[in-house]
Amino acid sequence: MISVLRRVTSSSSLFVTRRYIYTSFVTGFSKMAAPSPRYTLYMSGTSYYAQKVMMALFEKNEPFVEKLVNQRIDDNYESWYMKLNPLGKVPIMEDRGKIIPESDDIIDYLDKELPQAPRLVPDPSSDLGREVAHFRKLLDVSVGIIVHGLAYNPNLSPDYTAVKTRGELDEMFAGKIAKLEKLATEHPDLRDAYLAKIPPLQKRKEMCSNPEVVQRSLDDLQTTLDEVEAKLVKGSPGETWLLCSDLTVADISLAVLLRRLALSGLASVYFSPTLRPALHKYWLRLQTLPAYSRLGDIAVKYGVQA
Ligand SMILES: N[C@@H](CCC(=O)N[C@@H](CS)C(=O)NCC(=O)O)C(=O)O
């Protein structure tokens, strides 16, 4: 897991820090005289996976520097970012020169580094740890296929509120592919990394525009949330979190998923009070959790619906 850590030592990385300092914010400070935060999160207002990490940081009350990688203009393709994360994905976290990609790995890392704060990842050899791992995997839903898939196939869900039209999505995919091809020629050192990003984009577009694939994702999510409902019913709905009285990383996965579904107009399809009463109560309780509400503040700050 942490074997993927890398050290930022090149002069170009230092340049990056200076160049992008203007798009950084410190989140979580109450006093002006506080020392600089140890952690820097490269994030975007729209990133689902960055939301997971931010919710973990908020829950742990750990201040961090927010470094905006504006995905609305594909900042994640810029060569300075590709040098930090050749996968060109958001988020990554920097801890005193170490770069940590992958939201799950970042949360695991933070949980080890900040053991005094509320623990989110119980010992994986304990019963609770095994359950957390199971639900974390179960809830790792490809929400993009649902959100973009419904934009291509709005007839599959009458309640869906599209963020983009089919034409806009076509344009978005084509624009990204053209940009990657151009960057691959401009940056020979990153050529392979840029070109490697094109087939997954083409595949994603194919999947999103195929109604059968999208319908399957919608149905699979119903099955997933049936299991979640069954688990919640075993606790005290509205009073306990998913697996116990304490919040765990599995709750973070569930929280960001429910948030994205609600923002897409799909709350009534997946967690209405009649369809899944325990999950509905969970959703109501989530609204009172400061670490969750702060995701709304981030969305407002960056002027996005996410
Ligand atoms: N497995 C990664 C997924 C990260 C990811 O897919 N991030 C999206 C934003 S939510 C992204 O950067 N997509 C851009 C791309 O793949 O080019 C994680 O958990 O951090």
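The values are calculated or read from the model by the stated rules, or taken from the named source; none is laboratory data. This is a predicted model, so every value here is computed, not measured. To get the accessible areas, we keep the full protein, side chains included, count just its heavy atoms, and leave off ligands, DNA and RNA. Shrake-Rupley method; radii C 1.70, N 1.55, O 1.52, S 1.80 Å.
Some observations on this one:
- Taking the accessible area of the stretch 133-178, probe 1.4 Å, and keeping the other protein chains in place, the carbon and sulfur fraction comes to 57%.
- Count, lysine Cα pairs under 18 Å in the stretch 127-301, 8 or more residues apart or across chains: 13
- Our compactness index for the chain, the C-alpha radius of gyration over the empirical 2.2 N^0.38 Å, is 1.02.
- Å² per residue, accessible surface of the stretch 100-162 at 1.4 Å: 46 Å²
- Computed on the Cα atoms alone, the convex hull of the stretch 127-301 gives a volume of 147 cubic angstrom per residue.
- Note on residue 135: accessible area is roughly 10 Å² with a 1.4 Å probe, heavy atoms of protein only.
- Surface per residue (accessible, 1.4 Å probe) for the stretch 215-258, Å²: 39 Å²
- Distant-in-sequence amide H partners of residue 92 (H built 1.01 Å from N, under 5 Å): 42
- Accessible carbon and sulfur surface of the stretch 180-306 relative to its total accessible area, %, 1.4 Å: 54 percent
- Helix-only mean residue ellipticity at 222 nm for the chain, each DSSP H run of n ≥ 4 adding -39500 (n - 2.57), per residue, nearest 500: -16500 deg cm²/dmol
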